[in-house]
Amino acid sequence: MPSSGVRVGLFVTCLVDLIRPQVGFAAVRLLEDAGCEVVVPRHQTCCGQPAYNAGDRVNASALARQVLEAFEDVDYIVTPSGSCAATLRLHAPELLADSPELAGRVKAFSEKVFELTTFLSEIIGVDRLLSAAKKNSERTIVYHDSCAGLRELGIRKAPRELLSRLSGVQPQELAERDVCCGFGGTFCVKFPEISERLAADKCLAAEKVGADELVGGDLGCLLHLAGILQRSGSCLRVRHVAEILADLDEGPAIGELAED
Amino acid sequence: MEITSNAFRKQAAQALQDADLQGALQNLKRGFQEKRARAVARLPEFEDLQDHAVAIKDHTLRLLDFYLERFEREVVTKGGSVHWCRTSDEARETVLSICKAADVKTVVKGKSMVAEEIAINDFLVANGIEPIETDLGEYIIQLRNEPPSHIIAPAIHLKRSQIADTFRKNHGDFPSDRKLEEPRELVDEARQIMRKRFLSADAGITGANLLIAETGSVVLLSNEGNIDLSRALPRVHIVIASIEKVVPTLRDATVILRLLSRAATGQEAATYTSFVSGPRQAGEVDGPEAFHVLLLDNGRSDLLKSEFEEMLRCIRCGACLNHCPVYGVTGGHAYGSVYTGPMGAVLTPLLEGLDKAAPLPNASTFCGRCEEVCPMKIPLVSLLRRLRERQWRQRKTSFPSRLSLVLWAFFAKRPAIYHSLSSLLVRLLRVCRKRGWISIWPKAGGWGARFPALGHTTFQAAWRGRKEKKE
Amino acid sequence: MTDTRRVILNSLKDRLERSANSRKSIEAMQAEVDDRLADPPTHPLPARGRCMGEERTSLFIRMAKEAGAEVERIASASLLPERLSLLLEGWGLNQGLLAATDPMLIALPWAAAGITLRHGRASSMDQVSIAVAYAGVAETGSLLLVATPQSPMSIHLLSDLHVVLLPVSRLFGTMEEAFVHLRRETPGLPSASMFVTGPSRTADIEQQMQLGAHGPRELRVYIDENE
C-alpha cells in the first residue's frame, strides 16, 4: 500500500513490552500495512495507570507527561490496549491540568491517542486496509471486551469488524459479556478470591461458547484469564486481537510454553 | 450498627463459599438487571430526565440551607414538627423523647436506610419500646437479627427454607404442623401477623425517599403498602430523613421519581407513591395526630463543596449494587456496613471515616458499570479513586502496595534504566521459561502468583535489535 | 433543639461559604429560591402521557393491567352495585362493603343490589372496600387517592379487595397533570396523596413476585364513562 504520509507513534504498553512483544510487532505490521510510518519512541515505559488507580497522582502525572513529551512529533499515538488508551486520552488531560506550561499541548496530545483496533477501523478505515490472509474459516473465536475499552472508549464494534472483514472470522459472543473479568489491575492482587471467582465465571462462559480461541484487546485481562484457564486444564487458547489480525498467531498462545 | 468494613476481604471470602447466598445472588441478574434495562428502554425520555434530575440536585445542594428552611416552614404551617439532628446520637435521643412524650410503647417501621444508619431499633428496645419492621424483607432479617444485605431487597441473601425456619421459630400462635414452604404461604403468614401490629401500634417510623420544600411534603415509596399502613394507622408518625433528600418542588420530585422506580426495580411506578403533608386534618378519621420530621446531618454537610459532593445526589435506588461484579459475588454483608456495593464503598468511608472502611474504595475493579446505570450520573469510579488518593496522601495504602508502586514508578520514570534492566530480567527469567509458570509472590493471588511465560526478550530490546539490523 | 438547628444551618452556611457572600448576594439567592418555588420550572413530560380521549383511556387500561389491576369500563356508575353484588357472590363473600362517603358513591343503588355499606376507618374485618379516585394517571396506570374526611386512607390499604371508581373525566395523562388539578382544589395539598399502581406486592422471598403483601391483594378499577 502506498504511504499515506501518516506518522504513528506506537505506545507499546508495559505488559506488551515485558511479557508479550509479539503483540507490539503485530501492531507495527498492521500499521505499516495500512501505509503508516511507524516510530517507537524509546523514552516510553508506562502510561501511569497503576499509579493513577492507586491514588498516586504525582507519579501518574509524571508518567503521563513523559508520554506526552516522548510523542510530540507524531500525527497519532496508537496503543494495543484499551485501558492505556483511556488513561492517556481521557485521564491525562485531567492529571496535567495543573501544569500551565503544558497548557496548549495536552489537548492536542490526548486527541491523538487511539486504541489500535479503533484506529485501524475508524481512522484509517477498514476498507483501505490491506486484507491479511484470510483465516481458516472453521477456526472459532470468542471475543472479550475489556471494561476500560468498552466503557471509557466505547470500543465494541471495531475489533469485531476487523476480525470479520479482515481475517474472515466472525467472533462469537460471551454470555454476560458486559461483566468484568476481575483483573482490575492491583485488584487481583488485593482481593484474589473475588478476582479469581470473576475470572472463573468468565472462563466458564468462554468454555460454553465452544470456540477455539479467546481473543481480546487488553493484555491485562487476557493474562488474568489465561492463568485461570491453564489451571483448569482448558484447551481454550488466548490471544491478543492484534496477533490474529496481523497473522502472527502461529506461535504459543498467552500462557503457553514457548519453544526454546 | 458497628461497622466491620475493615474485614471486607475475609467477609467476602466467606460469602464466596456460601452456596445459599451465591444462589440467591444469581436472582439479582435475572430480576433487577433485566427489569431495569426493559423499563429504561421503554422510556425514550430517560436520558433527558437524568440531565434534568442532576441539574435539580446540583441546584438544590448549592442552596441547601434555604431549601431546608423553607421545608421546615411548610411542615410547621401544616401542623407538623421539624427536629434538626447533627449526629446519630441526637437523632436517637430525639426519637426517644418524641415517643416518651406521646406514651409510645410499640412502633411499626417502614424500611429506612437512615434508620439503620442511626441504629434506632436496638436503642428503642434498650429503652423499653418495641420496634417492628413491617417491610417483609426487613421483618425477616429483624427476626434473624441480621443486617440488611441490599438497599431494596434486604433479605435477598435468604432462601425460602431459611425464612420458613425463622417463621416457625418466632410465630408461636400458628399450628406447628402447618404447611410453610411456598413463598405464597410465607407472605400470607407475614400478612396476618403484621395486620395486628399495624392496627395496634402507637407510632410509625419511616424514612423518606424525598422531601419537598415547596409543600413541606415527605415522599414515601413502597410496593407492599407497609409504609402507608405504618404512617396512617398509628397516632404518631416520625420521619427520619437525611438533609440531602430535599428537592425544591413537586415538579422536581416527579422527575426524580420517574428515574427512581425504573432504576431500582424496573417498575413504571412503585405500587404506592405517597406525598404526605402533615398530620391528619380536621374531620379526618385516620392519619396520625402528630407528624414529626427529623432532619439528620450525620456527616452530609461536610461533603458539600468537597470533591465528594456528587455522592449527595444518590437517591438510594440500588442499581449500582445490582450491576456491580464485586457485589454480585460477595453480597451486601461482606461490606460490613449499612450502605453496600459501589455507593456504600464511597459513602461508608465518608460518613464513618476512611480508617473504619479502608478496604472499601479498593474493592473495585473500576469496571465502570455502576456509573453506567446510575440514574443520577454519579461518577462513582472517580469518587472511589479520590478516596484512594486520600489514602495514598495519608500513607494509608498497604505497605506492599505502596512499595511496589513506588518502585515501579521510579523505574518507569527512567526509561533508559528501565529498558536495560527489564531486558536483562527477561533474559534471566528465560531460565524458568521451560516451566511455563513462575511463582513470584507465593502469597499474592491472581497472576501475581503465577507469572506468565515470558518471551525471549522485551519489545523494546527486540525493536532496537531489528532497527540495528536494518541499518 | 433550636440550638442544633442553628448549628446545622451554620455548618451548611459555612460549607457553602455564605460569610464570603455579600448580603446582597444572599438576598439574591433567597429571591432565586422564592422565585423557583413560586413558579417552578417544568421538566420534560414523557410523550406517552400526552395522548387524549380514547387513546388515553386505552393506555390507562393497558398500564393498569400490566401492574396487576383488574380494569373494567362501565357505562354508568349506577350499574356498579349490581356488578359488585355478582362478584361478591361469586367469591362467597358477604354482601357488604367498607365505603368512602363521597356523595356520588353513596347515591348509587346499593340497597337494590342487596349490598350493605359500612363507613369510617378500616378494620381487619373489612374484606372489600370501595372508594372514588381523585384522578387517574394514564402514563403509569395509576390512581390518585387522597385522604379526606369522606375517604380515609385506611380504606385503600387494609382490605383484601379494593374497588375504585374512576370517572373518565378525571383521567389525566401524567402525575403532574393530576397534581395541577389537585392543587387548584386543595392548594396546600391534602394530608396524604397516594398514587396506587396495581395491588400490593413483594418480591422479598427469592425474588418471586407475590401479590397482597400487606395492602390489597386485588385492585379493581371501574372507569365510569358517563362522568
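For region B:372-387, enumerate the residues that are more than 16 Å from the chain's Cα centre (by Cα) and either more than 19 Å from B:P359 (Cα to Cα) or in the same structural domain as B:G266 (by TED's automatic domain parsing) (or both).
B:E372
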Single residue of B:G332, B:G341 found to be among the small types (G, A, S), within 19 Å of B:T4 (Cα to Cα) and at pLDDT below 95: B:G332
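Here is a yes/no grid of residues against (1) facing chain C (nearest Cβ under 9 Å); (2) farther than 24 Å from C:Q207 by Cβ; (3) touching a residue at least 12 places away in the same chain (Cβ under 8 Å):
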{"site": "B:G172", "(1), (2), (3)": "no, yes, no"}
{"site": "B:E181", "(1), (2), (3)": "no, no, yes"}
{"site": "B:A190", "(1), (2), (3)": "yes, no, yes"}
{"site": "B:A213", "(1), (2), (3)": "yes, yes, yes"}
{"site": "B:G225", "(1), (2), (3)": "yes, no, yes"}
{"site": "B:D228", "(1), (2), (3)": "yes, no, yes"}
{"site": "B:L233", "(1), (2), (3)": "yes, yes, yes"}
{"site": "B:V236", "(1), (2), (3)": "no, yes, yes"}
Hey, A:L96 hits all of (1) surrounded by 19 or more Cβ atoms within 10 Å (Cβ to Cβ); (2) of a type in the set (A, V, I, L, M, F, W, C); (3) under 24 Å from A:S4 (Cβ atoms) but one; which does it fall short on? (3)
Pick out, from region B:92-185, the helices (runs of 4 or more DSSP H) lying fully within it that include 3 or more residues that are over 24 Å from B:I3 (Cα atoms). B:160-170
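Could you check region C:190-227 and list, in sequence order, the residues that are of a type in the set (S, T, N, Q), assigned to a loop (DSSP other than H, G, I, E, B) and on the phi < 0 side of the Ramachandran plot?
C:S191, C:T197, C:S200, C:Q208, C:N226
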For region B:335-365, give me each residue that is within 20 Å of A:Y52 (Cα to Cα), surrounded by fewer than 24 Cβ atoms within 10 Å (Cβ to Cβ) and not small (G, A, S). B:L354, B:P359, B:P361
Failed criterion for A:L204 (all others in (1) more than 9 Å from chain B (Cβ to nearest Cβ); (2) in a helix (DSSP H, G or I); (3) touching a strand residue (DSSP E or B) at 6+ places or on another chain (Cβ under 9 Å); (4) not small (G, A, S) hold): (3)
Mind listing whichever residues of region A:157-172 are loosely packed, with under 15 Cβ neighbours inside 10 Å and in a loop (DSSP other than H, G, I, E, B)? A:Q170
Please indicate, with yes or no, whether at least one residue in region B:97-105 is at positive phi and touching a residue at least 12 places away in the same chain (Cβ under 8 Å). yes
For the structure I just gave you, tell me whether B:E146 is more than 13 Å from chain C (Cβ to nearest Cβ), surrounded by fewer than 16 Cβ atoms within 10 Å (Cβ to Cβ), within 22 Å of B:Q26 (Cβ to Cβ) and out of contact with any helix residue (DSSP H, G or I) (no Cβ under 7 Å at 6 or more places or on another chain). yes
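Among A:L96, A:L30, A:L18, A:L102, which is the only one that is assigned to a helix (DSSP H, G or I), within 14 Å of another protein chain (Cβ to nearest Cβ) and not aromatic (F, W, Y)?
A:L18
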Within region C:30-51, work out how many residues are more than 7 Å from every other protein chain (Cβ to nearest Cβ) and surrounded by 16 or more Cβ atoms within 10 Å (Cβ to Cβ). 4
Across region A:110-126, which residue is surrounded by the fewest Cβ atoms within 10 Å (Cβ to Cβ) among those that are among the polar types (S, T, N, Q) and without any contact (Cβ under 8 Å) to a residue 60 or more places away in the chain? A:S110
Test result for B:L403, in the same structural domain as B:K356 (by TED's automatic domain parsing) and assigned to a helix (DSSP H, G or I): no
When you check A:D75 against the structure, is it of a type in the set (D, E), under 20 Å from the mean Cα position of the chain (by Cα) and assigned by TED's automatic domain parsing to the domain that holds A:D218, yes or no? no
Give just the number: which of (1) assigned to a loop (DSSP other than H, G, I, E, B); (2) in contact (Cβ under 8 Å) with a residue 40 or more places away in the chain does C:P187 not satisfy? (2)
What's the number of the only condition in (1) surrounded by fewer than 24 Cβ atoms within 10 Å (Cβ to Cβ); (2) in a loop (DSSP other than H, G, I, E, B); (3) touching a Gly at 6+ places or on another chain (Cβ under 6 Å) that A:F183 fails to meet? (1)
Name the pairs: first residue in region B:152-166 and facing chain C (nearest Cβ under 10 Å), second residue modelled with pLDDT of 90 or more and part of a loop (DSSP other than H, G, I, E, B), Cβ to Cβ under 6 Å, at least 6 apart or on different chains? B:I152/B:G318; B:A164/B:L180
Qualifying residue in region B:40-54 (condition: over 26 Å from B:G328 (Cα atoms), within 11 Å of another protein chain (Cβ to nearest Cβ), in contact with a strand residue (DSSP E or B) (Cβ under 8 Å, 6 or more places away or on another chain) and surrounded by 21 or more Cβ atoms within 10 Å (Cβ to Cβ)): no
List, please: which pairs have Cβ atoms under 8 Å, are six or more places apart or on different chains, and start with a residue in region B:30-48 that is closer than 16 Å to C:R50 by Cβ and end with one that is surrounded by fewer than 14 Cβ atoms within 10 Å (Cβ to Cβ)? B:P44/C:A47; B:E45/C:P44; B:E45/C:A47; B:D48/C:P44
Among (1) farther than 29 Å from A:G184 by Cβ; (2) away from chain B (no Cβ under 11 Å); (3) touching a residue at least 12 places away in the same chain (Cβ under 8 Å); (4) not small (G, A, S), where does A:V39 come up short? (2)
Of all residues in region B:341-377, count the ones that are under 24 Å from B:Q394 (Cβ atoms), touching a residue at least 60 places away in the same chain (Cβ under 8 Å) and not in a helix (DSSP H, G or I). 4
Any idea which residue in region C:169-210 is farthest from the chain's Cα centre (by Cα), counting only those that are aliphatic (A, V, I, L, M) and surrounded by fewer than 19 Cβ atoms within 10 Å (Cβ to Cβ)? C:M209
For C:S159, state whether it is surrounded by 24 or more Cβ atoms within 10 Å (Cβ to Cβ) and assigned to a strand (DSSP E or B). no
Going through A:K107, A:K134 one at a time, which residue ends up being in contact with a Pro (Cβ under 9 Å, 6 or more places away or on another chain), loosely packed, with under 14 Cβ neighbours inside 10 Å and modelled with pLDDT under 95? A:K107
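Per-residue answers, yes or no, for (1) closer than 25 Å to A:C47 by Cβ; (2) crowded, with 20+ Cβ neighbours inside 10 Å:
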| residue | (1), (2) |
| --- | --- |
| A:G220 | yes, yes |
| A:L223 | yes, yes |
| A:I228 | no, yes |
| A:S232 | no, no |
| A:L236 | no, yes |
When you scan region C:15-26, how many residues do you find that are within 8 Å of chain B (Cβ to nearest Cβ) and in a helix (DSSP H, G or I)? 2
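The values are calculated or read from the model by the stated rules, or taken from the named source; none is laboratory data. Note that the structure is a prediction, hence the values are computed from the model and not measured. Every residue, glycine as well, gets a Cβ built from its backbone with ideal geometry; the counts of neighbours run over all protein chains shown.
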